[in-house]
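Here the structure comes first, spelled out in structure tokens, and everything after it is commentary.
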Amino acid sequence: MKNSKNISAIIPVAGLSSRMKAFKPLLPLGKRSILETSINLFKQNGIAEILVITGHRSADLENRIAAMEATWIYNSDFHQGMFSSILTGVKNLNKECDAFFLLPADIPAIRANTIQQMLRAYRSGNKKVIYPVFEGLRGHPPLISTQFKETIENFSQDGGLRVCLSDLEENAMDLRVCDKGIHMDADTREDYQAVLTKHERINIPEPCECICLLENSPLADEGVIRHCMKVAEIAVKIGSNFDNDPPLFDMNLIEAAALLHDIARKAPAHAVKGAEILRNMGFSDVADIVFEHMDLRTTLATPLNEKEIVYFADKLVVKDQLAMDFEKRFKEKKMLYSTNADAVEAINARLETALIIKEKLSRILNKEMMEVLQ
């Protein structure tokens, strides 16, 4: 992403990590540490000025911060709490800064697309404080105009930045994002494990995030959402019949792709459009399945995969109801489009694929389809 001119980020990392009983910034998160992941989130989005406010064990962090081309600033008052680190960051913002993100380093499982959405909202609107919101609750990081820099620097009441910003509600905007990570911090060992799991699956949205994405889509309505939920239910039932260790299929991927397969249902070539939307959000694996959920070719010799399970589940659902006799539906469609040779050819190809997948499932599971779906 090109440089996000005049937007900065402040990452307070000065605390004692007392609840964790380990130094949170250096805990591993994938190939990076928690702190490095938080820095990289902003670098991905072209944020040039990233101020990391250190305190406790500052010497252990300074080289790592510098290596990531961020700026570390020591807060000698870090014992006074988070707000002292926020003040340190605000006072050191460059003069050209128009707005800044504020992200405590222990909230690292946020998607790059969430930051992109917030930047677009800030640039296109007239609100000066943007809060990301998921399931009705505000989370991190807020994006705050430096118009309020003096207000923050002069604030002296209890309650820190939250209370300070509460007086600015008329300038604030809640932005709905489909990112559970905005609420997930690593305060305790249990929290850290949840963040680890979230980060490992960050490119596959959870079911609650998928529903949010569907509800946000102008190309899907309530009927489409109900259909997608039913397809996901059927796809998960099919995939759950395989109890191999290790698992043959990524069930999270199956459920997400099934939920989102019709995210662009109202658009022409909706499979292509849906895949494009999801790929732009960073969900490339899901997008690959969505792209082929209408037209997929396979053979009996090809190993069964997630794409085929989602494809077949979709063919078993009419609106939001299970319809086992999918062959009858295809015959009715061929009659409807009997004067259109291209359409009939496409319908025949889709039916052939569905029948091959059905046969694969029966052979592998040694069950009739009704047994699979019980």
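The values are calculated or read from the model by the stated rules, or taken from the named source; none is laboratory data. These numbers come from a predicted model, not from an experiment. Ideal geometry is used to build each Cβ from the backbone, glycine not excepted, and the neighbour counts take in all protein chains shown. Quick note on the areas: whole protein, heavy atoms, side chains included, nothing else; ligands and nucleic acids left out. Shrake-Rupley method; radii C 1.70, N 1.55, O 1.52, S 1.80 Å.
How many residues does region 28-62 hold that are more than 22 Å from PHE100 (Cβ to Cβ), open to solvent by 20 Å² or more (accessible area, probe 1.4 Å) and touching a residue at least 12 places away in the same chain (Cβ under 8 Å)? Of the residues in region 28-62, 4 are more than 22 Å from PHE100 (Cβ to Cβ), open to solvent by 20 Å² or more (accessible area, probe 1.4 Å) and touching a residue at least 12 places away in the same chain (Cβ under 8 Å).
Selection within region 182-201: residues that are surrounded by 19 or more Cβ atoms within 10 Å (Cβ to Cβ) and among the β-branched types (Val, Ile, Thr). The member of this set that is nearest to ASN280 (Cα to Cα) is ILE182.
Considering only region 277-374, give the helices (runs of 4 or more DSSP H) lying wholly within it that have at least 3 residues that are open to solvent by 80 Å² or more (accessible area, probe 1.4 Å).
326-336, 341-365
Read through the list (1) closer than 16 Å to ILE110 by Cα; (2) assigned to a helix (DSSP H, G or I), then give the number of the only condition that ILE47 fails. With (1) closer than 16 Å to ILE110 by Cα; (2) assigned to a helix (DSSP H, G or I) applied to ILE47, the lone miss is (2). Annotation: GLU222 fulfils all but one of (1) open to solvent by 50 Å² or more (accessible area, probe 1.4 Å); (2) modelled with pLDDT under 95; the unmet one is (2).
Can you find a residue in region 115-125 that is closer than 14 Å to ASP179 by Cβ and in contact with a helix residue (DSSP H, G or I) (Cβ under 7 Å, 6 or more places away or on another chain)? Checking region 115-125: at least one residue is closer than 14 Å to ASP179 by Cβ and in contact with a helix residue (DSSP H, G or I) (Cβ under 7 Å, 6 or more places away or on another chain).
Listed conditions (1) within 20 Å of VAL90 (Cβ to Cβ); (2) touching a Lys or Arg at 6+ places or on another chain (Cβ under 8 Å) are all met by SER17, apart from (1). Within region 117-151, being among the β-branched types (Val, Ile, Thr) and either open to solvent by 60 Å² or more (accessible area, probe 1.4 Å) or over 17 Å from ASP185 (Cβ atoms) (or both) holds for VAL129, ILE130, ILE144, THR146, THR151. Anything in region 152-170 that is open to solvent by 70 Å² or more (accessible area, probe 1.4 Å) and of a type outside the set (Asp, Glu)? List them, or say none. Matches in region 152-170: ASN154, SER156, GLN157, ARG162.
In region 250-265, what count of residues is obtained for those that are in a helix (DSSP H, G or I) and either more than 14 Å from VAL317 (Cβ to Cβ) or in contact with a His (Cβ under 9 Å, 6 or more places away or on another chain) (or both)? I'd like the intermediate steps shown before the answer.
Applying the first criterion (in a helix (DSSP H, G or I)) to region 250-265 yields 251-260.
The next check asks that each one be either more than 14 Å from VAL317 (Cβ to Cβ) or in contact with a His (Cβ under 9 Å, 6 or more places away or on another chain) (or both); those that pass are 251-258, 260.
Residues in region 250-265 being in a helix (DSSP H, G or I) and either more than 14 Å from VAL317 (Cβ to Cβ) or in contact with a His (Cβ under 9 Å, 6 or more places away or on another chain) (or both): 9 in total.
Report yes if some residue within region 61-70 is part of a strand (DSSP E or B) and either over 25 Å from the mean Cα position of the chain (by Cα) or modelled with pLDDT under 95 (or both); otherwise report no. The answer is no; no qualifying residue exists.
Does ALA232 count as small (Gly, Ala, Ser), buried (at least 17 other Cβ atoms within 10 Å of the Cβ) and not in a loop (DSSP other than H, G, I, E, B)? Spell out how you get there, then give the answer.
Numbers: small (Gly, Ala, Ser): yes; buried (at least 17 other Cβ atoms within 10 Å of the Cβ): yes; not in a loop (DSSP other than H, G, I, E, B): yes.
For ALA232, the condition - small (Gly, Ala, Ser), buried (at least 17 other Cβ atoms within 10 Å of the Cβ) and not in a loop (DSSP other than H, G, I, E, B) - is met.
Considering (1) without any contact (Cβ under 8 Å) to a residue 40 or more places away in the chain; (2) open to solvent by less than 30 Å² (accessible area, probe 1.4 Å); (3) part of a loop (DSSP other than H, G, I, E, B), the lone condition that PRO247 does not fulfil carries the number (2).
Please go through region 218-244 and pick out each residue that is free of Cβ contacts under 8 Å to residues at least 60 places away in the same chain, touching a helix residue (DSSP H, G or I) at 6+ places or on another chain (Cβ under 6 Å) and under 16 Å from LYS358 (Cα atoms). Let's see the steps before the verdict.
Taking region 218-244 first, the residues free of Cβ contacts under 8 Å to residues at least 60 places away in the same chain are 218-222, 224-225, 228, 233, 236, 240, 243-244.
If we keep only those that are touching a helix residue (DSSP H, G or I) at 6+ places or on another chain (Cβ under 6 Å) too, we end up with 220, 225, 228, 236.
Scanning region 218-244 gives a single hit, VAL236.
Criterion applied to GLU306, GLU292, GLU345, GLU371 was being out of contact with any Cys (no Cβ under 6 Å at 6 or more places or on another chain) and at pLDDT below 95, and the one residue passing it is GLU371. The criterion of at least 1 residues that are under 24 Å from ALA258 (Cβ atoms) is met, among strands (runs of 3 or more DSSP E) falling completely within region 113-216, by 129-134, 172-176.
With respect to the conditions (1) closer than 30 Å to GLU209 by Cβ; (2) free of Cβ contacts under 8 Å to residues at least 40 places away in the same chain; (3) part of a helix (DSSP H, G or I); (4) open to solvent by 10 Å² or more (accessible area, probe 1.4 Å), PRO268 lacks only one, and its number is (3).
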